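Derivation of every value follows stated rules applied to the coordinates shown; laboratory data play no part. In this text the structure is predicted, and so the values were computed from the model without any measurement. Cβ coordinates were reconstructed from backbone atoms using ideal geometry, including for glycine residues, and neighbour counts include every protein chain displayed.
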Amino acid sequence: MCGIVGYVGFKQASDILLEGLRRLEYRGYDSAGIAVSDAGEIAIRKKAGRVQELGKLVERNPVHGTIGIGHTRWATHGSPSDINSHPHVGGNGEVVLVHNGVIENYAVLKNHLQALGYVFRSSTDTEVAAHLVAHELSELIKMGEDPEDPKTAIKAVEVAIKQFKGTYGLGVLFRDFADMMVAARLGSPLVVGMGKGEFFLASDASPLSGHTQEVVYLSDHEMAVLTPQGMELHHRDTGLHAPNVQVLQQTSQESDLNGFEHYMLKEIFEQPETIENAMRGRLDEDEATAKFGGLNLTPQQLRRIDRIVLTGCGTSWHAGLVGEYLIEEFARIPTEVEYASELRYRNPPLSTTTMVFAITQSGETADTLAAMRECKRKGHPTLAICNVVGSSIAREADGGIFLHAGPEIGVASTKAFTSQVTVLTLLALYLGRLRNMSYPAGSRIISHLQAMPDAIRKTLECHEQVKEVARRYCENENFLYLGRLYNFPVALEGALKLKEISYIHAEGYPAAEMKHGPIALVDERTPSVFIAPRGHIYPKVMSNLEEIKARKGPVIAIACEGDAKIDQMADEVIYIPYVEEYLQPLVCSIPLQLLAYEIAVLRGCNVDRPRNLAKSVTVE
Ligand code: AGP
């Protein structure tokens with residue numbers, strides 16, 4: 001969470017910082033601030049609320065200078081307020097910094113600094129970092145280090161960060177070294193953009209587009225020292241070293257709204273293409289299987305895998321549940337889905353032939369990264385299913401599969417989910433064909449997959465019908481989402497979408513499990529959304545639906561075109577095209593995404609920036 005930007009160069013920094021913060025706002029939007037270094041002073045502007053508010057403040061009270069840092073916050077320690085906003089000042093203004101992450105031992109450090117006379121204005125962990133760097137700087141000077149040598153300031157950061165327990169991405173300015181910025185990373189992502197006579201710092205590459213395509217991703221325990229003259233990279237263990245410059249492919253148009261009112265809606269409508277992109281070049285019709293460039297394991301090694309663990313958080317965890325059903329069905333490999341936040345601290349008995357997949361859109365989710373590292377440390381092949389190229393998880397995994405879904409800006413994940421499910425289907429097909437799946441069975445799956453982009457296009461035609469349903473139910477305060485087999489994870493995902501963007505309480509359940517408790521919630525004011533497409537479990541789902549109707553619960557059904565029976569029983573039916581059962585999560589999730597979106601819009605919620613949330617959760 002939290003977004004960091006920085007600029008060192010020859011242009012006015014404030015515009016670049018504000019534009020960068022706008023692009024990073026999806027990472028946190030409680031408060032925002034910038035600091036710009038000018039003629040021996042560091043001017044700070046910061047404010048609770050969105051970057052837009054900060055922009056107005058800077059317009060009224062501009063800052064000038066060609067080196068600066070900025071921050072958009074998702075509060076961890078201390079409520080969202082002007083005073084808790086970053087940047088924070090250390091000492092008597094010698095140090096100003098922005099921070100992403102959590103300094104877990106901040107209370108101990110704070111006590112120590114307070115005892116030394118440092119005065120704290122905010123309740124953040126970050127202010128501890130600012131004072132500690134300032135303190136170490138003055139200690140180094142007292143011990144005889146040259147107060148005019150920038151190396152003294154760099155050393156102060158090194159000494160300070162060694163004392164932190166937790167995670168940090170830092171951008172640091174020094175009042176007395178006005179053309180230098182220091183960036184440091186442990187656990188929270190940072191990327192440096194390389195321009196001509198200028199450098200950009202950011203939490204991810206999105207603020208860099210339009211400025212430069214050449215980037216250097218900082219590793220853990222790495223520090224970058226940026227001045228208009230150049231960049232130096234220091235690693236805690238290996239010292240000074242040359243940068244590994246990578247070239248970004250992303251273009252700025254990818255993050256435009258293209259006429260849609262919100263990113264979420266735009267991303268929902270991108271799904272025919274994103275699903276196609278997830279399959280592009282990966283279907284091998286001759287061999288009736290899928291192929292991947294980046295698994296970095298031979299078919300022989302993969303043949304020896306006898307257990308798979310899929311791990312992730314939120315929507316990615318839901319995609320993992322679909323993956324479990326697919327892999328067990330197609331490849332008969334026992335598969336488990338673990339919440340990454342649990343897996344990282346559990347000690348499950350994983351055999352030497354267990355393969356672990358971390359599923360993540362952002363590639364930066366702290367729990368998923370930690371779970372992956374823990375499995376890797378134990379020697380398991382650890383692969384990533386990830387959207388963001390260059391992200392921490394993508395870089396640290398032994399191999400993996402990219403989603404190629406393009407940037408997902410809306411906080412509620414939509415296209416990443418269907419891309420994850422598509423990739424997991426390909427993976428299940430590939431693993432199945434390495435084992436007992438026949439050639440004709442593989443061929444059938446390929447032809448069904450090839451038909452999916454059109455099926456999604458057709459499904460999106462339900463939008464107008466969904467709007468009607470949303471109008472009728474947007475006032476309700478509780479919803480149940482019910483589905484079975486492949487559509488159980490879809491129920492969970494539908495409920496999560498509604499919760500996160502419209503703040504309505506919603507629960508997803510296996511449809512039959514509902515009678516073991518949640519049925520007590522059913523009354524005239526609690527609609528149940530039934531995911532009931534045609535399939536071998538359809539009659540059972542219909543019995544569950546009758547149980548709800550018998551208790552006067554309104555029913556919104558997602559059903560296949562031509563299903564006259566359900567039309568008689570449900571209060572509302574949203575029709576979707578029929579696809580094979582194992583592909584139904586792809587089509588069934590679309591009306592649920594649209595339903596959550598339309599209800600949130602009708603309730604006046606901020607769809608792309610829901611309260612309390614952030615796009616990538618880079619803290620525990
Ligand atoms: C999805 O709508 C959520 N915003 C959230 O659950 C998300 O899926 C989760 O935080 C995991 O993110 P990741 O895929 O980037 O790891």
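A few notes on this one:
- Annotation: Cα Rg of segment 457-512 relative to the compact-globule expectation 2.2 N^0.38 Å equals 1.19.
- From the C-alpha gyration tensor of segment 523-620, square roots of 5λ in Å: 28, 18, 13
- Each of LEU218, LEU170, THR526 was placed along the dipole of the chain (beta-carbon charges, centred on the mean Cα), and the one lying farthest toward the positive end is THR526.
- HN-Hα J in Hz across segment 538-553 - Karplus 6.51, -1.76, 1.60, θ = phi - 60°, x for Gly and Pro: 3, x, 5, 5, 5, 5, 4, 5, 4, 4, 5, 4, 4, 10, 6, x
- Each principal axis of the Cα atoms in segment 90-212 has its own extent, and those three values, largest first, are 47, 32, 23 angstrom.
- Semi-axes of the equivalent ellipsoid for segment 63-150, computed as √(5λ) from the eigenvalues of its C-alpha gyration tensor and ordered from largest down, come to 23, 18, 10 Å.
- With the convex hull constructed from alpha-carbon coordinates only, segment 563-620 shows a mean projected area of 6.7 nm² over all directions.
- Theoretical gain in end-to-end length, ALA107 to TYR503 [0.36 nm per residue, Cα-Cα removed]: 139.2 nm
- Over segment 216-320, the fraction of Cα-Cα pairs per 10 Å bin, rounded to whole percents and listed from the shortest bin up, is 9, 20, 27, 29, 14, 1.
- For LEU310, neighbours were defined as the other residues whose beta-carbon sits under 12 Å from its Cβ, and their charges (Lys and Arg +1, Asp and Glu -1) total -3.
- Highest-first arrangement of 559-567, 112-120, where packing means the average Cβ count within 10 Å: 559-567, 112-120
- LEU403 long-range amide H proximity, modeled H, under 5 Å: CYS386, ASN387
- Histogrammed with a bin width of 10 Å, the alpha carbon distances of segment 4-161 distribute as 12, 39, 35, 13, 1 percent, first bin at zero.
- Antiparallel content of DSSP bridges confined to segment 283-374, in %, to 5: 15 percent
- Residue-wise HN-Hα couplings along segment 507-520, as the Karplus relation 6.51 cos²θ - 1.76 cosθ + 1.60 with θ = phi - 60° gives them from phi, are 10, x, 9, x, 3, 7, 6, 3, 6, 8, x, x, 4, 4 Hz; Gly and Pro carry x.
- Sequence-separation-based contact order of segment 118-182, relative, with Cα cut under 8 Å and 6+ spacing, percent: 26 percent
- Expressed in units of 2.2 N^0.38 Å, where N is the residue count, the Cα radius of gyration of segment 106-146 is 1.20.
- The packing ranking, built from the mean of other Cβ atoms within 10 Å per residue, places the peptides 299-307, 49-57 in the order 49-57, 299-307, highest first.
- Distance from the C-alpha centroid of segment 552-583 to that of segment 59-78: 50 Å, rounded to the whole angstrom.
- Size descriptors for segment 290-408 (Cα atoms only): Rg and Dmax, in that order, 13.0, 36 Å.
- Alpha-carbon Rg/Rh ratio, for segment 302-370, with Rh computed the Kirkwood way: 0.96
- Seen from LEU485, the other residues with C-beta closer than 15 Å to its C-beta sum to a net charge of -4, counting Lys and Arg as +1 and Asp and Glu as -1.
- Point-charge dipole on Cβ atoms (K/R +1, D/E -1) for the chain, about Cα centre, debye to 20: 780 debye
- Over the chain: helical MRE at 222 nm, DSSP H runs n ≥ 4 each giving -39500 (n - 2.57), nearest 500: -11000 deg cm²/dmol
- With a Förster radius of 41 Å applied to the beta-carbon distance between ARG280 and LYS549, the computed FRET efficiency rounds to 0.40.
- Treating r as the C-beta distance of GLN300 and GLU328 and R0 as 22 Å, the FRET efficiency rounds to 0.50.
- Sequence-distant residues sharing a close amide H with VAL529 (under 5 Å, placed H): LEU480, TYR481, LEU482, ILE556
- For LYS540, a cut-off of 29 angstrom between C-alpha atoms picks up these lysines, skipping any fewer than 8 places away in its own chain: LYS458, LYS467, LYS497, LYS499, LYS515, LYS549, LYS552, LYS565.
- Extension gain for LYS162 to GLU53 (0.36 nm times residue separation, less C-alpha to C-alpha distance): 35.7 nm.
- Within segment 419-526, all pairs of alpha-carbon atoms sorted by distance into 10 Å bins from zero give the percentages 12, 30, 31, 19, 8, 0.
- This model, with +1 at the C-beta of Lys and Arg and -1 at the C-beta of Asp and Glu, gives segment 378-523 a dipole about its Cα centre of some 540 debye.
- Exposure proxy ranking, count of Cβ atoms within 10 Å, fewest first, for LYS151, LYS467, LYS142: LYS142, LYS151, LYS467
- Compactness index (Cα Rg / 2.2 N^0.38 Å), segment 9-76: 1.03
- In this simple spin-label approximation, LYS540 and SER443 carry label points 7 Å from Cα along the Cα→Cβ vector, and these lie 3.2 nm apart.
- Whole-Hz couplings from phi, Karplus 6.51/-1.76/1.60, listed for segment 458-470; x for Gly and Pro: 5, 4, 4, 5, 6, 3, 4, 5, 4, 4, 4, 4, 4
- Normalised by residue number, the volume inside the convex hull of the Cα atoms of segment 514-562 is 72 Å³ per residue.
- Using equal-weight Cα scatterers in the Debye expression, the normalised intensity of segment 172-260 in log10 at q = 0.11, 0.13, 0.19 Å⁻¹ is -0.33, -0.46, -0.88.
- Cα-based Rg / Dmax (Å) for segment 480-546: 11.4, 34
- For the chain, the fraction of C-alpha pairs more than 41 angstrom apart is 30%.
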